[in-house]
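Colleague: The structure's right below; bear with me while I get my questions together.
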Amino acid sequence: MSKFQVFSRGEYLDWEVPEVALRRDIVENFVEQEPDYENGEYVSMSEQEILNHNKKWNPFDPLYNDPDYARSQGLPGVPAMPGLARFAGFGGGVPPFPKRLGDYFYYTAIGSNVTYAKRLFAGDSWVKKPLRPILIDKTESGSDLRVWQIAAPSQAYDKDKNYIGESSYITSEGFRKIIDGSNPPSFTENMAEWVEYYPPAHVTTQEDYERIFRIWDEEVIRGEEALYWEDVEVGVEVPKTCSDGPITYMHIVTWNPPPTQHLFTREDLRDPEFMARYFHDRFGSYLDETALHYGGRNIIGSRMVFYNNTAAFLIARTLTNFIGNAGHISKFSWRLRPSFNELVDLNELDVAMFNKIPGMEGKYCNRHGSEGDTVIGRAIPTDKYINEKGEHCVEFALWAETLDGDIIQTSPSEVVLPSRG
């Protein structure tokens, strides 16, 4: 067992200082500017992009899949499901820490927060306004693990300077440093650590399928039947939703096609410095760490794990089914459990959400989703209020649960509903 460097929060060793200073300078020198409404780079979505996303994650509700039906409801077309439009990118200008900074390196996406001022349709366009990036030293003083949290917040406005929404993407990175001269692991060995403690896959039985079928039969798409704010009962669970059976290898491949940037060129493979940032499997092939999502094909004992927001996107329809055509989701968040145990903590969003539900106090996202899991969407209204714009809002605890009762995604959310008043 190696001996590791012990860290203190806010105090940095000589070999850390340049990397910490680089990132702190970016945050401290950030100057907030108004978007360039005249010449700025606007983002929009085509109807086909919206349909492709909607059909993937919410294929049963005609409002999100049939443009003619959506127009018959007085809308300009199919609305985008929450999560398709996000206004902040990875890191927000703060680069990740080098994977070779320590002898062990751990990283994860913690989740995202998205706020929508309105439903978004094809043709809507917006320009981004980056907000100050967030860089937080989360290290526990006296620990041998240095941990950083990085967030990328951004707002979006249309050409008429109307607020569209905002979002943030949150990541966490950590590293350990050997100080007794022991040999460090290869990057492959480091990346494969999580396999050793990952739980076995769920084996779906016929009884499980019968339970899945019952949930399907109980799903209700409210559609044209308006749900009024006054009729929502805080604390009363809404009808569940359920994925179409357990998530398989083919689901994950189809939902998350690997981008071409993960295919290395001859020039890449000949560049030792470039390839030092990647790892190789037991067959000697170099792979981007994205391959961990396709585990079991590369690392003995592993299997495919969900991409960061897979379960959240699957359970968004728990809310859209319930609120019908007249309501819309105005806030949508997701949190997941990191694959690496080293970065796991009880995040505040989980705890706050479940503490509002009698009998579920202390619950949290306790496992990363993976192939073999069936995703059950559960939602409970936890508050009702009228916001500063006079909108009638309902706060929801929304989470993804497996057949075994594990919680594999949490998505605290909010919806805006019509009012009888």
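Colleague: If Tyr228 passes every condition in (1) within 24 Å of Val114 (Cα to Cα); (2) surrounded by fewer than 18 Cβ atoms within 10 Å (Cβ to Cβ); (3) outside the structural domain of Ala316 (by TED's automatic domain parsing) but one, which one does it miss?
Modeller: Failing condition for Tyr228: (3).
Colleague: A further question on this structure: In contact (Cβ under 8 Å) with a residue 12 or more places away in the chain, assigned by TED's automatic domain parsing to the domain that holds Ile134, closer than 25 Å to Asp144 by Cα and hydroxyl-bearing (Ser, Thr, Tyr): is that true of Ser154 in this structure?
Modeller: Considered against the rule, which asks whether it is in contact (Cβ under 8 Å) with a residue 12 or more places away in the chain, assigned by TED's automatic domain parsing to the domain that holds Ile134, closer than 25 Å to Asp144 by Cα and hydroxyl-bearing (Ser, Thr, Tyr), Ser154 comes out as no.
Colleague: Moving on to the next point. Could you please find all residues in region 105-117 being of a type outside the set (A, V, I, L, M) and modelled with pLDDT of 95 or more?
Modeller: Result: Thr115, Tyr116.
Colleague: Now for a different question. Considering only region 95-202, give the strands (runs of 3 or more DSSP E) lying wholly within it that have at least 1 residues that are of a type in the set (Gly, Ala, Ser) and crowded, with 21+ Cβ neighbours inside 10 Å.
Modeller: Correct list: 104-116, 146-157, 163-176.
Residue-wise test of (1) within 20 Å of the chain's Cα centre (by Cα); (2) at pLDDT 95 or above.
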{"residue": "Gly359", "(1), (2)": "no, no"}
{"residue": "Lys363", "(1), (2)": "yes, no"}
{"residue": "Ser370", "(1), (2)": "yes, no"}
{"residue": "Ile376", "(1), (2)": "yes, yes"}
{"residue": "Pro381", "(1), (2)": "no, yes"}
{"residue": "Ile386", "(1), (2)": "no, yes"}
{"residue": "Val394", "(1), (2)": "no, yes"}
{"residue": "Trp399", "(1), (2)": "yes, yes"}
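Colleague: Say we look at region 77-103 and pick out the residues that are at pLDDT 95 or above and in contact with an Asp or Glu (Cβ under 9 Å, 6 or more places away or on another chain); which of these is farthest from Cys242 (Cα to Cα)?
Modeller: Looking at residues that are at pLDDT 95 or above and in contact with an Asp or Glu (Cβ under 9 Å, 6 or more places away or on another chain), I get Gly77.
Colleague: Continuing with the same structure: Is region 176-196 home to any residue that is modelled with pLDDT of 95 or more, more than 27 Å from Val17 (Cβ to Cβ) and either of a type in the set (Ser, Thr, Tyr) or touching an Asp or Glu at 6+ places or on another chain (Cβ under 9 Å) (or both)?
Modeller: No: region 176-196 contains no residue that is modelled with pLDDT of 95 or more, more than 27 Å from Val17 (Cβ to Cβ) and either of a type in the set (Ser, Thr, Tyr) or touching an Asp or Glu at 6+ places or on another chain (Cβ under 9 Å) (or both).
Colleague: Another question, if that's okay. Which condition number does Asp373 fail, the rest of (1) of a type outside the set (S, T, N, Q); (2) touching a residue at least 60 places away in the same chain (Cβ under 8 Å); (3) assigned to a strand (DSSP E or B); (4) out of contact with any Lys or Arg (no Cβ under 8 Å at 6 or more places or on another chain) being met?
Modeller: With (1) of a type outside the set (S, T, N, Q); (2) touching a residue at least 60 places away in the same chain (Cβ under 8 Å); (3) assigned to a strand (DSSP E or B); (4) out of contact with any Lys or Arg (no Cβ under 8 Å at 6 or more places or on another chain) applied to Asp373, the lone miss is (3).
Colleague: Quick check on my filter: what residues within region 318-354 are out of contact with any Ser or Thr (no Cβ under 9 Å at 6 or more places or on another chain) and within 23 Å of Glu388 (Cα to Cα)?
Modeller: Ile323, Ala326, Ala352
The values are calculated or read from the model by the stated rules, or taken from the named source; none is laboratory data. Quick caveat: nothing in here was measured; it's all calculated off a predicted structure. Quick reminder, even Gly has a Cβ in these numbers, built from the backbone with ideal geometry, and neighbours come from all protein chains shown.
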